[in-house]
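Following: one structure in structure tokens, then a few remarks.
The values are calculated or read from the model by the stated rules, or taken from the named source; none is laboratory data. Treat the numbers as computed from the prediction; the structure is a model and nothing was measured. Counting neighbours? That spans all protein chains shown, and the Cβs are built from the backbone with ideal geometry, glycine included. The accessibility values were calculated without ligands, DNA or RNA, using every heavy atom of the protein model including side chains. Shrake-Rupley method; radii C 1.70, N 1.55, O 1.52, S 1.80 Å.
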Amino acid sequence: MAANPTKPSGQTGKMKKDESLLGKLGGTLVRKKKLKEVGDLQEEGKKAINAPLLHADPDLLPEDTLLEENAERTILDPTSREDLNFKDLQKVLIDWINSELEEDRIIVKDLEEDLYDGQVLQKLIEKLSGHKLNVAEVTQSEIGQKQKLQTVLEAVNGVLRPLDWNTEWSVDSIHSKNLVSIVYLLLALAIYYAAPIRLPEHVSVKVIVVKKKEGILQTAHVTKHLTKRDAFDTLLDHAPDKLNVVKTSLITFVNKHLNKLNLEVTELESQFADGVYLVLLMGLLENYFVPLYNFYLTPESFEQKVHNVSFAFELMQDGGLQKPKVRPEGTRKITAILDDLKK
């Protein structure tokens, strides 16, 4: 029986070498395929992440776009942040807070950074209302801060709710340092508690409203009116009882000076309507005598009364005050005028 022929050793080595090469090539191709699949997945992931941003506003920060489905967020437009009237309003509110909390040695420098955790707001509402809130004095955790804010805002809303005040703030908006919400809250407190400050009129800001719907971010630009009319009109709308407190204070101020001429005021609108007391008050405040030929001491006609008020306005401007934002024939705003003189 013939023996089976054997393969040459050289051929066997060559086959092993070819198999080894094919194996390497196959492994390389598999790895490349897997890498491509991973790369495709990463690219799809990037597209999924970035897709909502395609419809977002270029002024938005990345963190502004992190929203749950159907959630909404309001962000202050960068141009409004630099608006001089808005900055002036913030300064007035900061000065007022610091004045109220001077005894507590609290100094506010930035509304967003100093009020978001509820600590200063707690002290402010306690000072204004005269009632202490049942909250922890110091809270470092986010949960503790939000709990404090919840208690503070419940106290604020409890005061304002009977007056049908539109609440433009919430625990989340305040804690997220939403400047517009913080300013709205402070304005409501300042107006309700008749803060002795002069709020800038007709201050408005633009905000970007961001909403996530079906995975896509939708944005809209909205104008928010912070202050519309003067503080006295706003006070009359929301808290007429507080306006009476302001009037009482102004009557005390006026009589302190008019008493030097043996004159006394009991009702502002009617007794100041003819401009006589207003002219005399200016002379007393600026320490000069107003010649009687410059105005009508006993005006008999509407025209003579308007002349007196116009003359008083001129004296105010000569004394360094801004021109009153009312017409001489419209003395309904006498409270605002006297408030300027008091300052």
Residue identified as of a type in the set (A, V, I, L, M), within 30 Å of Tyr192 (Cα to Cα) and not in a helix (DSSP H, G or I) among Val265, Val290, Val254: Val265
Got a sec? Which of Gly130, Gly118 is open to solvent by 40 Å² or more (accessible area, probe 1.4 Å) and either among the small types (Gly, Ala, Ser) or under 19 Å from Val180 (Cα atoms) (or both)? Gly130
Subset of the stretch 246-279 [at positive phi and surrounded by 14 or more Cβ atoms within 10 Å (Cβ to Cβ)]: Gly275
Return the residues of the stretch 186-214 that are closer than 16 Å to Lys87 by Cα and hydrophobic (A, V, I, L, M, F, W, C); say none if nothing qualifies. Leu186, Leu187, Ile197, Leu199, Val203, Val205, Val207
Pairs where the first residue, in the stretch 195-208, is under 18 Å from Ser99 (Cα atoms) and in contact (Cβ under 8 Å) with a residue 40 or more places away in the chain and the second is open to solvent by less than 50 Å² (accessible area, probe 1.4 Å) and assigned to a strand (DSSP E or B), C-beta under 6 Å, 6+ apart: Leu199/Thr227
Which of the residues spanning the stretch 68-86 are farther than 15 Å from Asn178 by Cα and either open to solvent by 90 Å² or more (accessible area, probe 1.4 Å) or more than 13 Å from the chain's Cα centre (by Cα) (or both)? Glu68, Glu69, Asn70, Ala71, Thr79, Glu82, Leu84
In the stretch 128-140, anything over 15 Å from Leu115 (Cα atoms) and under 24 Å from the mean Cα position of the chain (by Cα) is listed as Leu128, Ser129, Leu133
Gly144 is checked against (1) open to solvent by 40 Å² or more (accessible area, probe 1.4 Å); (2) part of a helix (DSSP H, G or I) and fails just one. What number does that condition carry? (1)
